[in-house]
Ligand SMILES: Nc1ncnc2c1ncn2[C@@H]1O[C@H](COP(=O)(O)OP(=O)(O)OP(=O)(O)O)[C@@H](O)[C@H]1O
Ligand SMILES: [Mg+2]
């Protein structure tokens, strides 16, 4: 039932540098219609850059772009759209002041060259698109007010519209749980049937093994391996990416017996989001929390940090009850929080890496008379760039110049610098490559060994199993089950979730 | 500190804008000096510019601060007039028939005037930082309110005939340099120190770049914004006192065109209207450029309407220049939204 003739999309010998630094050095690849092709590689290996070149966002220094039977040395975004290219960008790039419906419908209007917007038509397009990927989001809401997972779903709905022939998905699943991902894969299968060529980028290897037919692996802007997906094993992919053998075994440190608690949460209630939640974390303990979208896990994390209202309950840090609904009180008590959406909640995007690194504890860097000590500021910047191995040449570059994984390290560093007693991490390795992920988990482990307590909110079950001492599953705002160290098992957890 | 540290605060982008502006300033100066060698390029003209630049520069610095946080303060002129009126009223009441007034009373008058200005600023702070009203609407409203109160109390009549020794500040010199100019330099240095060398200053840039991330970083974003509107009011009050001292009068409807001019200056000075980026050097240079254009046109006997149009033209030119220079950055996001 192929509706498109077999076409080929690809690039030949693409070279691209950013101010002297080479992001891509002679990359070639090709995808046929009806094929799902994976681009894998570490953070900063050039995946997004390649996608931006193929969709006309960046111009290559040299090289050729082929879209069907047309070749381009220079491609504009408009031409790309005209050739049927659609992109789900890593940062979604939604239009912030418009509604969900408008965001979804605009590409349809553009592709129809229509100048008239009708409210009812907009809503119809949006409702259909969301229906296609099987999700339920209020289409009248403004995209500024919705969760990161919803933003990602909207970006997907927008790109998988009628006219698409070549679809780029740059880490489309980072904020989604297994349920939405399953739906997404069904949609990808449908598009495949229709003859759409798809390029799929993800750091989750089981995802790419499940959905992709072919693969290209990049390292430092060069192709180090490519071929048919079946010929690659999990280990060979991660080894080609990193040049190392990345272990994914459990690394949670042995938990020392402690009579004290870092935090005790008692009978936390905010109707209808969560109902009567209680748990505690011992020094050095890493507690995982997981649940489906809308289960209340993110709200719970934010509530403890004073960013989501609490109706009643008690939060006790090291024996002292803290004032609720106040982030300053939480910070003062020693609670740190890494939010899930680094682009809008975690980072000051256009500001320098250095300023981002010191954003939480700015006041620590003042000497007498509120004077900012630039020396200490620069020293702190250097320390964190070194400690967390943030890949940059200059800490004064804007944080946007970093790859996704390195941006995530900046947010993490900003909070580690405060040395909190309890660190709440909401999606700590979202969009982080397999090697870096291991390194971030190791950072968590080391800090836990020093006595820092962790609350890790994540959809990534293997990750939770690698690092946590205990995992709570949240369902409809309640703890539905608790898994102890000995009970942690992927299959069992997935089952509890579905 | 070495250059690298300086860049930490100004930001690379802002640095480029300052260089741009220096070229524009030098160019404007050169052109008018060549075209009007005897009138523009004369010490009399330079002196007169040195007396006129400070008021608008200080008001522009006030606007710059609010703009750095992503807001704007439209009540600067109303506050400036209010402070001047209160000070002028105290002075004229106290001096009676004489021509001068004791320095202690002059100082008291200025302090009280400034306090009234600060009180007005506190109203802005509360409405904007506490009640989350959009700055442009909040200050438009409070500006109108302060102005209305001033007109109501004074019946719209200006208070003139200020003490002679007070006028010496606005018309005299300090070490051979016009005193208002010296005051402007001191204020610019102080504000420069504040935004570049204090933690509160760094927070101003961060809050202006991303308010939500500032909330998640628990840096007291409301406090930062509240401070900014207070400081803006303080600067406006000082500008009002300088104006009163130079003109020997205070009136509720003085300088309403200054609001627009200050915004032109600030945008020309490279302050990002969305917040987060800008330098004080940019603002000072931009004030100088506009003053030169104004004086230059005067020297060439062009009409004042022509000057207004030129102001607009400068603004449009700078905006286009900015867009062209930042095309890469901008085109990236535009092309994204195009496809989206
Ligand atoms: N606009 C830019 N300016 C300067 N350097 C850039 C820019 N965009 C990307 N780079 C650099 O190019 C390299 C490749 O980045 P790219 O975003 O393509 O990586 P990626 O493979 O998508 O990584 P991730 O998995 O973290 O998303 C990185 O070193 C990055 O720092
Ligand atoms: Mg990327």
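Laboratory data are not the source of any read-out in this text; all were calculated from the coordinates shown. Worth saying up front: this structure is predicted, and the values here are computed from it rather than measured. With ideal geometry, Cβ positions are generated from the backbone for all residues, glycine too; neighbour counts draw on all protein chains shown.
What to note about this one:
- For chain A, the alpha-carbon coordinates run over 69, 49, 48 Å along the three principal axes, in decreasing order.
- Classification of chain B by its C-alpha gyration tensor yields an oblate form. The axis ratio a/c (a ≥ b ≥ c) is 1.5 or more, and b/c is at least a/b.
- Nearest 10 degrees, 0 to 90: helix A:434-449 Cα axis against chain A principal axis: 0 degrees
- Angle in degrees between helix A:404-416 and the longest Cα principal axis of chain A, rounded to the nearest 10: 10 degrees
- Using R0 = 25 Å, the C-beta based FRET efficiency linking residue A:69 and residue A:114 works out to 0.35.
- The calculated FRET efficiency for residue B:171 paired with residue A:141, based on their beta-carbon distance and R0 = 51 Å, is about 0.30.
- In region A:8-242, the DSSP beta bridges split such that about 60 percent are antiparallel, to the nearest 5.
- Highest-fluctuation residue, B:182, B:18, B:77 considered, GNM on chain B with Cα pairs under 10 Å: B:182
- In terms of other Cβ atoms within 10 Å, B:229, A:9 run from fewest to most in the order A:9, B:229.
- Only helices enter the 222 nm calculation for chain B: every DSSP H run of n ≥ 4 contributes -39,500 (n - 2.57), and dividing by all residues gives -25500 deg cm²/dmol, rounded to 500.
- Relative contact order for region A:263-497, counting Cα pairs under 8 Å that sit 6 or more residues apart, in percent: 29 percent
- Descending by average beta-carbon neighbour count within 10 Å, the peptides B:190-202, B:244-256 line up as B:244-256, B:190-202, the highest first.
- Listed by Cβ neighbour count within 10 Å, with the fewest neighbours leading, B:267, B:316 appear as B:316, B:267.
- Relative contact order computed over region B:2-339 (Cα-Cα under 8 Å; 6+ residues apart), in percent: 32 percent
- Range of Cα positions in region B:101-260 per principal axis (Å), largest first: 54, 40, 29
- For chain A, share of DSSP beta bridges that run antiparallel, in % to the nearest 5: 55 percent
- Between B:50, B:310, B:78, the Gaussian network model of chain B with springs among Cα atoms under 10 angstrom shows the greatest mean-square fluctuation at B:310.
- Entry note, chain A: relative contact order of 16 percent, from Cα contacts under 8 Å with a spacing of 6+ residues.
- DSSP-defined beta bridges in the protein assembly as shown - what % are antiparallel, rounded to 5: 60 percent
- Calculated FRET efficiency, residue A:249 to residue A:220, Cβ-Cβ distance, R0 = 25 Å: about 0.40 to the nearest 0.05.
- Per-residue average of Cβ from other chains inside 10 Å of A:84-93: 2
- Cα-projected label distance for residue A:127 with residue A:489, points at 7 Å along beta-carbon direction, nm: 4.5 nm
- Spin-label model, residue B:320 to residue B:102: label points 7 Å out along the Cα-to-beta-carbon direction sit 6.2 nm apart.
- Least to most buried among B:184, B:49, B:67 (fewest other Cβ within 10 Å first): B:49, B:184, B:67
- Cα-only Debye scattering, region A:263-497: base-10 log of I(q)/I(0) at q = 0.13, 0.14 Å⁻¹: -0.78, -0.90
- Fluctuation leader among B:80, B:98, B:294 - chain B, Gaussian network, Cα springs under 10 angstrom: B:98
- More than 40 angstrom apart: percent of Cα pairs within the protein assembly as shown: 45 percent
- For the residues of B:200-206, the average number of beta carbons from a partner chain within 10 Å of their own beta carbon is 5.
- Using alpha-carbon coordinates, inclination of helix A:178-194 to the longest axis of chain A, degrees: 0 degrees
- Per-residue mean of foreign Cβ neighbours for A:100-106 is 1 (Cβ atoms of other chains, 10 Å radius).
- Residue B:43 versus residue A:233: modelled label distance in nm, points set 7 Å from Cα along the beta carbon direction: 9.0 nm
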